[in-house]
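This report concerns only the one structure given below.
The values are calculated or read from the model by the stated rules, or taken from the named source; none is laboratory data. Since we're looking at a predicted model, the values are computed, not measured. Glycine gets a Cβ as well: all are built from the backbone with ideal geometry, and neighbour counts include every protein chain shown.
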Protein chains: 2
Amino acid sequence: MQIIQHETFGELIRHCREEKNLPLRKVAAVLDVDTSTLSKMEKNLRHPNREHIEKLAELFGLNTEELRLAFLSDRVAYQLAQEPISEQVLRVAEEKIKYIRSKNIVQGVLEF
Amino acid sequence: MQIIQHETFGELIRHCREEKNLPLRKVAAVLDVDTSTLSKMEKNLRHPNREHIEKLAELFGLNTEELRLAFLSDRVAYQLAQEPISEQVLRVAEEKIKYIRSKNIVQGVLEF
DNA sequence: TTTATTTTTGACAAAATTAGTCCAAAATAA
DNA sequence: TTATTTTGGACTAATTTTGTCAAAAATAAA
């Protein structure tokens, strides 16, 4: 399955579910949540945790990382969508991440 | 004052305060919070709201946007610092923001 | 049509997170 | 020393987030 870049996490898992012709009921059972919760997740009204993402990835044959990418990028995008300075925020954030990581590396060993 | 890119929001406002030789007490009064709250803000243990940012910008003669940039980029950076895929997250988020904005523009009018 | 099944929605309580204060201790300056 | 500033922990209140339930709405099957 080819992931569309601007597809939200919710849209993505809904499309996967529809592709497999599964009712919410079935997928919700795998995640161990109510159908209502999953319905909201597909509408981005509830957010997945790591466990949800792992189970969904397994179920739909996706890479865990790409599902996590979809979720994390959604979160950042919605946090910044109304900010006129979003572009700069992303660039500065990228630099800060590099800086944080460089600080946490002591003689090649990661420390957190 | 020249803003250092990898300086956190907390570090930034502390440096500004020290430059003006103001005790926490004075700045906290402007923000209408306890010195303890401001101390934590300078250590990034509490976060500023829009009002705090505006008052701090005015007090230190900074642009509101650059202060907000410092705060928002911190938030994104700390959310993604432990994610191996942070770079991709930033790129996809950028695309999603463009997409969200394009959806919200109807005949040149912003709709939210 | 009916009937069964799936999906959506709002209301709600529980859980989790965040914010701000108080106060005492620690650090610093006078 | 003494005064002032800064810090940190404990705590409560406020806010946000989560998941469920139950009923309504939508869709599919008989």
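Residues being within 12 Å of DNA strand C (Cβ to nearest atom) and either among the charged types (D, E, K, R) or outside the structural domain of B:Ala70 (by TED's automatic domain parsing) (or both): count how many of those fall in the range B:1-42.
Matching residues across the range B:1-42 total 5.
Which of the helices (runs of 4 or more DSSP H) contained wholly in the range A:25-112 include at least 3 residues that are of a type in the set (D, E, K, R) and away from DNA strand D (no atom under 16 Å from the Cβ)? Before the answer, list the steps.
Values: elements: A:35-42, A:50-60, A:64-80, A:86-104.
Per the criteria, A:86-104.
Could you grab the pairs with beta carbons closer than 8 Å, sequence gap of 6+ or different chains, first residue in the range A:80-104 and more than 7 Å from chain B (Cβ to nearest Cβ) and surrounded by 15 or more Cβ atoms within 10 Å (Cβ to Cβ), second one part of a helix (DSSP H, G or I) and of a type in the set (Val, Ile, Thr)?
Filtered contacts from the range A:80-104: no entries.
Among the residues in the range A:24-34, are any touching a residue at least 40 places away in the same chain (Cβ under 8 Å) and either among the β-branched types (Val, Ile, Thr) or farther than 30 Å from B:His6 by Cα (or both)?
No.
Is it fair to say A:Gln5 is of a type in the set (S, T, N, Q), part of a loop (DSSP other than H, G, I, E, B) and either surrounded by 12 or more Cβ atoms within 10 Å (Cβ to Cβ) or within 13 Å of DNA strand D (Cβ to nearest atom) (or both)?
Details: of a type in the set (S, T, N, Q): yes; part of a loop (DSSP other than H, G, I, E, B): yes; either surrounded by 12 or more Cβ atoms within 10 Å (Cβ to Cβ) or within 13 Å of DNA strand D (Cβ to nearest atom) (or both): yes.
Yes; evaluated as a whole, the condition is true for this residue.
Tally time: how many residues in the range A:9-40 are over 15 Å from A:Leu62 (Cβ atoms) and either touching a Phe, Trp or Tyr at 6+ places or on another chain (Cβ under 9 Å) or hydrophobic (A, V, I, L, M, F, W, C) (or both)? Lay out the reasoning, then the answer.
Initial filter on the range A:9-40 (over 15 Å from A:Leu62 (Cβ atoms)): A:21, A:23-26, A:28-29, A:32-40.
Remaining after also requiring either touching a Phe, Trp or Tyr at 6+ places or on another chain (Cβ under 9 Å) or hydrophobic (A, V, I, L, M, F, W, C) (or both): A:24, A:28-29, A:33, A:38.
Counting residues in the range A:9-40 that are over 15 Å from A:Leu62 (Cβ atoms) and either touching a Phe, Trp or Tyr at 6+ places or on another chain (Cβ under 9 Å) or hydrophobic (A, V, I, L, M, F, W, C) (or both) gives 5.
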